[in-house]
1. Being small (Gly, Ala, Ser), assigned to a loop (DSSP other than H, G, I, E, B) and either within 14 Å of chain B (Cβ to nearest Cβ) or over 22 Å from the mean Cα position of the chain (by Cα) (or both) is the filter here; which residues of region A:106-142 pass it?
2. Tell me which of these A:ALA35 doesn't satisfy, since it passes every other one: (1) in a helix (DSSP H, G or I); (2) surrounded by fewer than 18 Cβ atoms within 10 Å (Cβ to Cβ).
3. Taking region A:137-175 as the search range and keeping residues that are among the small types (Gly, Ala, Ser) and in contact with a Gly (Cβ under 7 Å, 6 or more places away or on another chain), which one is surrounded by the fewest Cβ atoms within 10 Å (Cβ to Cβ)?
4. Looking only at region B:64-77, count every residue that is at the interface with chain A (Cβ under 10 Å from one of its Cβ atoms) and either outside any strand (DSSP E or B) or touching a residue at least 40 places away in the same chain (Cβ under 8 Å) (or both) and tell me the total.
5. Given the options A:ALA145, A:ALA160, A:ALA149, name the one that is more than 12 Å from every other protein chain (Cβ to nearest Cβ), assigned to a helix (DSSP H, G or I) and farther than 30 Å from A:ALA33 by Cβ.
6. Just name the residue that is nearest to A:HIS153 (Cα to Cα) out of those in region B:42-63 that are hydrophobic (A, V, I, L, M, F, W, C) and away from chain A (no Cβ under 14 Å).
7. Just to check your reading of the model, which residue among B:THR67, B:THR47 is out of contact with any helix residue (DSSP H, G or I) (no Cβ under 7 Å at 6 or more places or on another chain), at pLDDT 95 or above and among the hydroxyl-bearing types (Ser, Thr, Tyr)?
8. Quick one: in region B:28-41, which of the residues that are in a loop (DSSP other than H, G, I, E, B) and more than 14 Å from chain A (Cβ to nearest Cβ) is nearest to B:SER93 (Cα to Cα)?
Amino acid sequence: MGGHFPRGSSAIAGLATYGIGEAPGFSSLELAAKAGLLAVADAGLTLGDVDALFICLPDDFFAGLTFAEYLGLTPRFTDNNRTGGSAFMSHMITAALALSAGYIDVALIAYGSNQRTNGGRLATSITSNRWDAPYRPLFPLSSYALAAARHMHEYGTTRAQLAEVAVAARQWANGNPEAFAKGPLTIEDCLASRMISTPIARHDCCLVTDGAAAIVMTRADRARDLARPSVPVLGAAAATWWNSIAQTGDITTTAAAESGARAYTAAGIGPADIQVVQLYDAFTINTILFLEDLGFCPKGEGGRFVSDGRIAPGGALPVNTNGGGLSCCHPGMYGLFAIVEAARQIRGEAANQLPSVDVALAHGNGGTLSSQATVILGSAATV
Amino acid sequence: MKDAGGATSDAAEAHWRAALAEGRFLLQRAVNSGTVVFPPRVAEPGTGDPDLEWFEASGMGTVYSVTIVAQRHPEAPYNVALIDLDEGARMMSRVDGVASDAVRIGMRVRARIIAEGDAPLIVFDPVGR
């Protein structure tokens, strides 16, 4: 039977972010390189130790080759896998398998984007396919709107419940010096914000920022001897069910239901064991869908689940403790930032640090709710 | 693949578009499983069975989801809908013939082929109200 994951055999040994918010003058490549160098140094390693590279950049389909050349890497393994914002979780799966097999020794996973100061729009070469495009859906926004509209129809989810997600994210961001969007935000502010594609209004949408992130992975035994607290990878899984939102079955259930279940099995734990959750919140509906699909509440209950501050600071389930894509940063493909925040919580160095975090989940979304990938991280005590 | 008129083609998308240009809305059906396939493919998804036949869609469907896209004044908002076709497939489209904010999930609709830009396009109108 497939799907075996080497629990705890690899670990995050170093991590970094760089240029979150606005980084005027920097190219995406330069931002990714800065984060990559910082992550390698954080691990107490040198560039020469890196023998595997995992990267995608928003503006370069050959980013693996470009980045290797730029930093003078000669990786024995280069992975330019692009499954959208979930790509980095998939990178971690591949890196964990290759590390465990002894094929590679040090994996660098990096991302950077200058999309805010270089245009101010989501930088993507991806568009609606030719079957959908004549109907002029906003890409990718209207795809999420169609999922949200159906969720509201089936389960009675309300715009105020969507707004709860944005308000919680902002409250976390207000405690994070790195976060880009700060200040008061109320449910009423969200409901009054400009409608874009019903039911998604401006405050239901993630930010457009610059920013870069990187992590370094090694085998767990080596990570234990390095400079920083080791963050073992307990489980990880990815799943793809469709590309176009027109090709879903039940539009309110994503492949996170599969990736999450497989990641839990690999880690030998369940949702009740997760102490902090980092989800790719491109839109407020994402958080609701993924909390359901990842087993934190039953399908259809997500809107009620997030109400009354449950996922906000002080709530029962801390979600997106950096402020998420909604209020911390969204440089186009957010997945790696969710991973970094999960690892920071385990290392005990997050801006909104929670007490004694031993198990954290990071979930990535790619395309239009299309590609889903889940990573479960632990402390050294969990392996 | 054989279509309703007996022509054969392995290039599924080109065949579909040629039929649409003649005013026919075609779907594919997997001969063995009966599964209806859209957009057109060279094989049934999931099984890889290449034994697909063309047939003309009834055009009847139901709105599965809908979003109304706002535009800058003075451009009017428009809707983008997912339509569950009675035969079983789903497609993205638009519901015309009614104000965008009156399009409802569950609404029964019928296909109509219009010319938009320089190409034929399938849109839907509400029925039975």
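1. Of region A:106-142, the ones small (Gly, Ala, Ser) are A:107, A:110, A:112-113, A:119-120, A:123, A:125, A:128, A:133, A:142.
Keeping just the survivors that are assigned to a loop (DSSP other than H, G, I, E, B) gives A:119-120, A:123, A:125, A:128.
A:GLY119, A:SER128, listed by residue number.
2. (2)
3. Pass one, region A:137-175, residues among the small types (Gly, Ala, Ser): A:142-143, A:145, A:147-149, A:156, A:160, A:163, A:166, A:168-169, A:173, A:175.
Keeping just the survivors that are in contact with a Gly (Cβ under 7 Å, 6 or more places away or on another chain) gives A:168-169, A:173.
Values: A:ALA168: 30, A:ALA169: 31, A:ALA173: 28.
Out of the qualifying residues, it is A:ALA173.
4. Step one: list which residues in region B:64-77 are at the interface with chain A (Cβ under 10 Å from one of its Cβ atoms), which gives B:64-71, B:77.
Narrowing further to those that are either outside any strand (DSSP E or B) or touching a residue at least 40 places away in the same chain (Cβ under 8 Å) (or both): B:64-65, B:70-71, B:77.
So the answer is 5.
5. On the way: A:ALA145 fails: more than 12 Å from every other protein chain (Cβ to nearest Cβ); A:ALA149 fails: more than 12 Å from every other protein chain (Cβ to nearest Cβ).
One residue alone meets the criteria, A:ALA160.
6. The first filter runs over region B:42-63 and keeps only residues hydrophobic (A, V, I, L, M, F, W, C), leaving B:42-43, B:52, B:54-55, B:57, B:60, B:63.
Imposing the further condition that a residue be away from chain A (no Cβ under 14 Å) reduces the set to B:42-43, B:52, B:54-55, B:57, B:60.
Values: B:VAL42: 35, B:ALA43: 34, B:LEU52: 35, B:TRP54: 34, B:PHE55: 32, B:ALA57: 27, B:MET60: 22 Å.
So the residue we want is B:MET60.
7. Working: B:THR67 fails: out of contact with any helix residue (DSSP H, G or I) (no Cβ under 7 Å at 6 or more places or on another chain).
Matching residue, one of B:THR67, B:THR47: B:THR47.
8. Step one: filter region B:28-41 for residues in a loop (DSSP other than H, G, I, E, B), giving B:31-35, B:38-41.
Then drop every residue that is not more than 14 Å from chain A (Cβ to nearest Cβ), which leaves B:31-34.
Details: B:VAL31: 26, B:ASN32: 29, B:SER33: 26, B:GLY34: 24 Å.
My answer is B:GLY34.
The values are calculated or read from the model by the stated rules, or taken from the named source; none is laboratory data. In this text, all values refer to a predicted model and were calculated from it rather than measured experimentally. As a convention, Cβ positions derive from the backbone with ideal geometry for all residues, glycine included, and neighbour counts pool all protein chains shown.
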